1. Please find, within the range 51-66, the residue that is surrounded by the most Cβ atoms within 10 Å (Cβ to Cβ) out of those that are within 28 Å of ALA434 (Cβ to Cβ) and among the aliphatic types (A, V, I, L, M).
2. Which one of the conditions (1) in a loop (DSSP other than H, G, I, E, B); (2) at pLDDT 95 or above; (3) farther than 23 Å from GLY429 by Cα does ALA261 fail to meet, given that it meets all the rest?
3. Kindly evaluate ASN372 against the criterion of being surrounded by fewer than 18 Cβ atoms within 10 Å (Cβ to Cβ), in contact with a Gly (Cβ under 7 Å, 6 or more places away or on another chain), closer than 24 Å to LEU87 by Cα and of a type outside the set (Phe, Trp, Tyr).
4. Just one of LEU37, LEU20 is part of a strand (DSSP E or B) and at pLDDT 95 or above; which is it?
5. Could you grab me the full set of residues in the range 215-227 that are free of Cβ contacts under 8 Å to residues at least 40 places away in the same chain and more than 18 Å from GLY269 (Cα to Cα)?
6. Can you name the strands (runs of 3 or more DSSP E) wholly within the range 67-140 that have at least 1 residues being touching a Ser or Thr at 6+ places or on another chain (Cβ under 7 Å), surrounded by fewer than 17 Cβ atoms within 10 Å (Cβ to Cβ) and in contact (Cβ under 8 Å) with a residue 24 or more places away in the chain?
7. Are any residues in the range 289-318 loosely packed, with under 15 Cβ neighbours inside 10 Å and of a type in the set (S, T, N, Q), and if so, which ones?
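The values are calculated or read from the model by the stated rules, or taken from the named source; none is laboratory data. Quick caveat, the model's predicted, so the values are computed rather than measured. Cβ: placed from backbone, ideal geometry, glycine included. Neighbour counts: every protein chain shown.
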Amino acid sequence: MFRLTASLVLLLAFAPAQELWVDAGTGSDTNPGSASLPLRSITAALAVAVPGTTIFVRAGTYSVTATGEVFPLQFGNGRAHDGVTLLGLGSVVVDFANGRGNGMRVGTMANGARISNLTFANMDKTDWWTAAISAGTYNGSGAATFFELDRCRFVDVNRGIILWQGVPITGWAIHDNLFVDLGNDGIDEFDPGSANEITNNTFVNTPQLGVLADGNATRIVNNVLVGCRVGIASSGNAGAAAARITSNDFFGNTLDVQGAAFPGGVPPGNLTVDPRFVNPPTRDFRLQATSALIDAGDPRVFLRADLDDAPRAIDGNQDGTLPPDIGAYEFGFVNVTTNVVGGVVLTIDVTSTAPNLTTALLLVAFDEGLINLPGLSPILLDPQTLIPFAFTGAMPWQIGLGIPAMPAGSRLVVQGFGFDPVNLRLIGGKRARAQF
């Protein structure tokens, strides 16, 4: 056990970004939406959010009966939501309670927005075209561009995501999501002029298509497709299929690929092996240590964090290289957890399953962010408020940080790295948050 005590001083000189808070348990839609007086529903938060707002959604179930949600949620429809981030903290479940209709509509006024770490669950599966998230409309009204959708779970819904036709939808980054036990397709993209990235997702048991992508320039990379009627269907540019559809794993599908984009079947550079999930019956689709998908992905994609909030990428097979794993989960060795004791001490526990990681680097910041460093795992912290700690000793480590009084809504975000002194490599660990 290693203990380090340090004093943290809040950097409050700079103006914070616009924030709204939502709490299913303690919130009220008559509140102002502050951290201490949160709103109750996501619906209410979207109704007052202005461009650039971060909406923090605390753990809980959000539904018609639990929080008064009005479906479909409107993101960039009738109100400007450009640059808005909808971020789940902990286990956030948007529960449709087997209702019919779409769960969320994304319109044209949500450019550069992001949805992260939400679970969309329990949708009626009898309506053919309903989806958890629907962008644009069939008659071509268009949708937001450069929209990021990451670390979300689509469980027991009809379709996961539809990007409609008529007007090209471009710049979407759909990555590190899980689609499981759907009633229809996982992702549908219909317009041939669309150009998006569908990367590092896991699709399991989609009775129709895992991915339908007709965009001639859309990239489909590093995905796992298991138990689909068709893994990937595309009528897009066949000549570029080998370059834009690569490093995916197909297993147990009726057909792995279908459409004009695949005149020769599965393009070279893709896998057709058992992904070796940890425990599919319990919906644990992390990778076993023996999985061929570890470090088998293409690094030429947008990399942030996996579904467990671990950085992309980690040298999972310890061969000195850092390509990402295939699928929504990154196999790693370093785990980080936090606990606030009495409001004055923050304990951070760092553990590792790799015996050669005897040195650790711990980074602490007041918000999340993304710092990409060549040849290293990304740092998932705010660079302006980052504080590093380096320490050595036998695993596990526990660090105690003495903290001053923290205003409501303050948060510390920590990330641990193990250092391999033999091979001179940093191996990144999970990010963890302490909320005040």
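1. VAL57
2. (2)
3. Considered against the rule, which asks whether it is surrounded by fewer than 18 Cβ atoms within 10 Å (Cβ to Cβ), in contact with a Gly (Cβ under 7 Å, 6 or more places away or on another chain), closer than 24 Å to LEU87 by Cα and of a type outside the set (Phe, Trp, Tyr), ASN372 comes out as no.
4. Details: LEU37 fails: part of a strand (DSSP E or B).
Of the residues listed, the single one that is part of a strand (DSSP E or B) and at pLDDT 95 or above is LEU20.
5. Step one: list which residues in the range 215-227 are free of Cβ contacts under 8 Å to residues at least 40 places away in the same chain, which gives 216-218, 220, 225, 227.
Once the filter is applied, which keeps residues that are free of Cβ contacts under 8 Å to residues at least 40 places away in the same chain and more than 18 Å from GLY269 (Cα to Cα), the range 215-227 yields ASN216, GLY227.
6. Numbers: elements: 73-75, 85-99, 104-106, 114-116, 119-123, 131-135.
Per the criteria, 85-99.
7. Listed by number, the list holds a single entry, THR290.
Listed here are the residues, each with its yes/no results for (1) at pLDDT 75 or above; (2) hydroxyl-bearing (Ser, Thr, Tyr); (3) in a loop (DSSP other than H, G, I, E, B); (4) over 22 Å from the mean Cα position of the chain (by Cα).
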| site | (1), (2), (3), (4) |
| --- | --- |
| LEU373 | yes, no, yes, no |
| GLN384 | yes, no, no, yes |
| PHE389 | no, no, no, yes |
| ALA394 | no, no, yes, yes |
| PRO404 | no, no, yes, yes |
| VAL413 | yes, no, no, no |
